[in-house]
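All remarks here apply to the structure that follows.
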Protein chains: 2
Amino acid sequence: MTSKRLIYLPLGGAGEIGMNAYLYGYGAPDKERFILVDLGVTFPDMDGSPGVDLILPDITWLKERADRLDAIFVTHAHEDHVGAVSHFYSDLGAPVYARVFTANIARRKMSERGHPEDAVQTVSAWPEQVTAGPFKVGFLPISHSIPESAALVIDTPDGRVIHSGDFKLDPTPVVGEAFDPDLWAEVCKGSVRALVCDSTNVFSPDPGRSELGLGPAIEELVLGAKGMVVATTFASNVARVKTLAEAGQRAGRSIVLLGRAMERMVEAARETGVLHGFPNTISDEAARDVPRENLMLLVTGSQGERRAASAQLARGKYRGIEMKEGDMFLFSSKTIPGNERGVIRVMNQFSEMGVDVVDDSNGKYHVSGHANRPDIEQLHDIVRPQMVIPMHGEHRHLREHAKLAIARGYQGAVVVNGMMMDLSGNAPSVAEYIETGRTYLDGSVKIGAMDGVVRDRIRMALNGHITVTVILDEKDEPLGEPWCDTSGLAETGRSNALLVEVLEEDLSQYLGRAGNKTLRDDDKLEEALRRTARQTAQAEIGKKPEVTVVISRMR
Amino acid sequence: MTSKRLIYLPLGGAGEIGMNAYLYGYGAPDKERFILVDLGVTFPDMDGSPGVDLILPDITWLKERADRLDAIFVTHAHEDHVGAVSHFYSDLGAPVYARVFTANIARRKMSERGHPEDAVQTVSAWPEQVTAGPFKVGFLPISHSIPESAALVIDTPDGRVIHSGDFKLDPTPVVGEAFDPDLWAEVCKGSVRALVCDSTNVFSPDPGRSELGLGPAIEELVLGAKGMVVATTFASNVARVKTLAEAGQRAGRSIVLLGRAMERMVEAARETGVLHGFPNTISDEAARDVPRENLMLLVTGSQGERRAASAQLARGKYRGIEMKEGDMFLFSSKTIPGNERGVIRVMNQFSEMGVDVVDDSNGKYHVSGHANRPDIEQLHDIVRPQMVIPMHGEHRHLREHAKLAIARGYQGAVVVNGMMMDLSGNAPSVAEYIETGRTYLDGSVKIGAMDGVVRDRIRMALNGHITVTVILDEKDEPLGEPWCDTSGLAETGRSNALLVEVLEEDLSQYLGRAGNKTLRDDDKLEEALRRTARQTAQAEIGKKPEVTVVISRMR
């Protein structure tokens, strides 16, 4: 098989929500030219990735073929789409294309990591097209929860592909372009080979709601508030930030932006001209002189993140501002699964201060940025592609979306990370399976998720740790007693003596009866000491700790 | 002040959902006689308590006064109410009273830990009363998501107190007694001093729904299923287990109970006569000979717990049973905040098998066991107490509940763990603040949550660990080079050499320039080596690990 083919290969984002990285290729097998759509991150958690700073897609496969990568296109500025671009810039080297707001954010990230800002090139909305190898790519505006989100129109020798990006169908998105069904119909009026499509809300049965609809309820809430009002949402949801700020302004309150991301996003949106008519803001210093009932703070930390402004306010003062009895805190946001504990912690801390916490449990103060099931169906029918490839979802979302598409008469397939699909035929077919995975940014180093580094940390967290030190003389005889240090273990157990002493006693006894063969062999001795230490710990405290054995020989 | 008083002191459950333990006392200050209502556990998580097996209330204060404790009353058999009874039996020694089903479960726990089963005494429902010191206590039936839940009628020299226990107002609970408003009105017709009341669902605005209402929807779902049907719920929700089993039976399916808790709960409910007419079940061995479309499995693991039947089925075979494409898995349950990741993992694993997962997102397959806001109001108005003391809730629930009670004309107060309240006056007042907290069952040992043991484990999980070993000769001169072991750290960093080698080189250099004063002083040397190791790690890999320094001296 040497004929040219169009391939689609997700390296991230397909089978998970986060870390989006979708590769398209065209050419003869193993000679395809590539473009990459999005290169995002996902966030670590204590359960699976303690101590990790950021999770990036494993792009080993692509790195080895970086000379065939012609461009990277970024659909929008959410971290799970743009966050890894600067981390892999040195590895991939390809030019990065984005619309002006997204490019602004991407450039900030590039320069933070010491890369040239001109690595990111600004592209206008459709009908402008960028030629990248065999591809011509245009940015087709679509609404989402961040300004200037775009679908990509990817023209290939095998026909047009529409990559939806993250989207919702919002006729009144407050900031940025409304969804324009006529423009979309126009672009898709020929035959479209494939729609690669956001699956996030495929289980939400009702049509999505517009950003504009939130204004009145939020205004009513703020008008009714007595003390200081503090509201949080994703900083990148500039439309929401504007809705909140306007509600505050109409209630006669001075607006304060708190938190680095909040300031940066509003600044970027203003710089790039996507945000007009944003109410005047005052600094946090100035805010200290304003009566609290005349203040409205817009803060970062809608997911309860420990270092964000909301969590800091919940713990006490932040930049000289303190919440008090009678103030109100609004979560104009949804809690992402996995973040519940952090959000609930913040809510209870505010409750202890006497602050009234309002969240979106009644559905009045937040709308999703993703298309619900009927909206997904609507997009299918506007694009009328030959095949629908669900992306941006966990496995259950992709499967449901594929079933939906097939039931409605389209070709469809569940394609997860690492499945290289040939899209050139009548239906999508698997060309190859590629090894993919996750790369951890851990401190300043990138490590593979499967390297065992984090696994060892998890084991220490679950089991505790013992260090056993033994010194042997020139004749391989123990010199003095073995020495133990424990970390993360109870001090005393069953026998009521210090655990360390019981360990040292048992290890000493073991050394006393160990044969020369073992004493001479580091590996054997280490294994035996580890086993003895774990047995003693199990008997004393019912745990089997991780053990580091240090054998020093006087030679 | 030597006059006698009635006190209420939550040691757990007030300011959290879980680990319930409510103490009542009557007598002169510091001479009160006590009864304890419930003694439950809460569950550890990787975020805050990695490696911990179970979280128990810290009962140090009560242990020191155990001679004044006359009885323990257990309202119902949920783990957060009964789970710690057997763990503290030796410490407290007081007799335990419960109704027959709860007592059955409590006795199983007692015997598992080697305690006598007759430590638990069975009490009939109201009007039977148990005399315990100055108290007379009766079990007043109320509906909840477990059989035979009871409120307690606590008669004291200062009047009657109603302790609601966990409750909902269900006229048709499927298993166990319906809520009986006439009986409640009768019991509360005199004056009630205090209602200590469940707050869990105070933020849910709609009236609660009955267990009975779920039957038709579940039946319809099971009737429409093609392959094997597997459903999960809390095993202790015997009514739900029955509803599910009956739906399976009507659809012509054989019923299999899978998971130890599921089998045990149904057994306990049958033994104690609270469960009648439960469909016949077959064993998992027998199930292997039944066509899958004729099977319905009821399994443990509604919260995605790794070791429960549902998670095991999601990973592959469990007891010879395997789920397949076209089967259905039903979560007849709500995900408790914090468990989302585990549940979602199970859902996606099933999706990968081609199993259709149905959850309660449409509200058709689960109802809560707790009273919603209007039901709480209804109970207030049936009991008409002088004061409402909210319990069983996080701070935000207690605060909202207290506000609700006060707004409706009752005395009310937010009382959290450790606040000893005097209930003898016209309004509740704080008598004293008691130190409370959490005790971790860690392996076979109980440790205090604040002892630092788990904190050290969390630090190792976040930062990794280095062991530094140094040997000094008789003259306090380093003998050979320092030696490093790392755990949970990247192997190489910035300089591309092995981290261990860079560490050893830097530590060696440090030792070379260290003064005699430092070399002679273990503490100083240890601190200096730790600092050096952390600086090197920071420079190489951008992390500051935990460091164990072992200094051996040849003396």
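Select from segment B:452-480 the residues that are among the charged types (D, E, K, R) and assigned by TED's automatic domain parsing to the domain that holds B:K543 and list them in ascending order.
B:D473, B:E474, B:K475, B:D476, B:E477 - these are the residues of segment B:452-480 that are among the charged types (D, E, K, R) and assigned by TED's automatic domain parsing to the domain that holds B:K543.
Each row is one residue, and each column tells you yes or no for (1) of a type in the set (K, R); (2) buried (at least 24 other Cβ atoms within 10 Å of the Cβ); (3) within 14 Å of chain A (Cβ to nearest Cβ); (4) without any contact (Cβ under 8 Å) to a residue 24 or more places away in the chain.
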position: B:P29; (1), (2), (3), (4): no, no, no, no
position: B:I35; (1), (2), (3), (4): no, yes, no, no
position: B:K63; (1), (2), (3), (4): yes, no, no, no
position: B:D91; (1), (2), (3), (4): no, no, no, no
position: B:T102; (1), (2), (3), (4): no, yes, no, no
Among A:D170, A:D155, A:D182, A:D166, which is the only one that is at negative phi, modelled with pLDDT of 95 or more and out of contact with any Gly (no Cβ under 9 Å at 6 or more places or on another chain)?
A:D182
The one condition B:G363 fails out of (1) within 14 Å of chain A (Cβ to nearest Cβ); (2) in contact (Cβ under 8 Å) with a residue 24 or more places away in the chain; (3) out of contact with any Asp or Glu (no Cβ under 8 Å at 6 or more places or on another chain) is (2)
Can you list the helices (runs of 4 or more DSSP H) lying wholly within segment B:299-414 that have 1 or more residues being farther than 27 Å from B:L223 by Cβ and assigned by TED's automatic domain parsing to the domain that holds B:G15?
B:373-383, B:395-407
Would you mind stating whether B:D442 is farther than 30 Å from B:L183 by Cβ and buried (at least 24 other Cβ atoms within 10 Å of the Cβ)?
yes
Restricting to segment B:182-223, name every residue that is touching a residue at least 60 places away in the same chain (Cβ under 8 Å), over 19 Å from B:V367 (Cβ atoms) and not basic (K, R).
B:W184, B:A185, B:V187, B:C188, B:S191, B:V192, B:A194, B:L195, B:V196, B:C197
Could you look through segment B:369-400, keep only residues that are within 14 Å of another protein chain (Cβ to nearest Cβ), of a type outside the set (D, E) and out of contact with any Cys (no Cβ under 7 Å at 6 or more places or on another chain), and pick out the one that is nearest to A:R399 (Cα to Cα)?
B:N372
Leading residue by the ranking (farthest from B:P10 (Cα to Cα)) among those in segment B:22-36 that are among the aliphatic types (A, V, I, L, M) and in contact with a helix residue (DSSP H, G or I) (Cβ under 9 Å, 6 or more places away or on another chain)
B:L36
Selection count, segment B:412-439, where residues are over 22 Å from B:F34 (Cβ atoms) and either surrounded by fewer than 19 Cβ atoms within 10 Å (Cβ to Cβ) or out of contact with any strand residue (DSSP E or B) (no Cβ under 6 Å at 6 or more places or on another chain) (or both):
3
Cβ-Cβ under 6 Å, sequence separation 6+ or interchain: first residue in segment A:519-534 and more than 19 Å from A:E474 (Cβ to Cβ), partner of a type in the set (K, R) and not in a helix (DSSP H, G or I). Which pairs?
A:R534/A:K544
Of B:A287, B:A309, which residue is crowded, with 16+ Cβ neighbours inside 10 Å and in contact with a helix residue (DSSP H, G or I) (Cβ under 9 Å, 6 or more places away or on another chain)?
B:A309
Taking A:E322 and the conditions (1) in contact with a helix residue (DSSP H, G or I) (Cβ under 7 Å, 6 or more places away or on another chain); (2) more than 11 Å from chain B (Cβ to nearest Cβ), which numbered condition does it fall short on, given that it satisfies the others?
(1)
Against the conditions (1) surrounded by 15 or more Cβ atoms within 10 Å (Cβ to Cβ); (2) within 30 Å of B:D166 (Cα to Cα); (3) among the small types (G, A, S), where does B:A314 fall short? Just the number, please.
(2)
So, restricting to strands (runs of 3 or more DSSP E) that lie completely within segment B:79-152, which ones have at least 3 residues that are assigned by TED's automatic domain parsing to the domain that holds B:C197 and more than 25 Å from B:R438 (Cβ to Cβ)?
B:129-132, B:135-141
Where residues in segment B:371-398 are of a type in the set (S, T, N, Q) and touching a strand residue (DSSP E or B) at 6+ places or on another chain (Cβ under 7 Å), which of them is surrounded by the fewest Cβ atoms within 10 Å (Cβ to Cβ)?
B:Q386
Test set (1) in contact with a helix residue (DSSP H, G or I) (Cβ under 9 Å, 6 or more places away or on another chain); (2) touching a residue at least 12 places away in the same chain (Cβ under 8 Å) - A:S351 fails condition number:
(2)
Can you tell which of A:A106, A:A98, A:A84 is of a type in the set (A, V, I, L, M, F, W, C), buried (at least 24 other Cβ atoms within 10 Å of the Cβ), farther than 23 Å from A:K446 by Cα and in contact (Cβ under 8 Å) with a residue 12 or more places away in the chain?
A:A98
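Having 3 or more residues that are at the interface with chain B (Cβ under 9 Å from one of its Cβ atoms) is the bar; report the helices (runs of 4 or more DSSP H) wholly within segment A:439-555 that clear it. If you could, list the steps in order and put the result at the bottom.
Working: elements: A:453-463, A:499-513, A:516-520, A:522-541.
It comes to A:453-463, A:522-541.
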Considering segment B:416-454 alone, what residues qualify as being touching a helix residue (DSSP H, G or I) at 6+ places or on another chain (Cβ under 7 Å), hydrophobic (A, V, I, L, M, F, W, C) and in contact (Cβ under 8 Å) with a residue 24 or more places away in the chain?
B:V416, B:I434
Take B:E128 and tell me if it is farther than 29 Å from B:D53 by Cα and without any contact (Cβ under 8 Å) to a residue 40 or more places away in the chain.
yes
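The values are calculated or read from the model by the stated rules, or taken from the named source; none is laboratory data. Only a predicted model underlies this, so the values are computations on that prediction, with no experimental measurement involved. We place every Cβ from the backbone using ideal geometry, glycine too, and count neighbours over all the protein chains shown.
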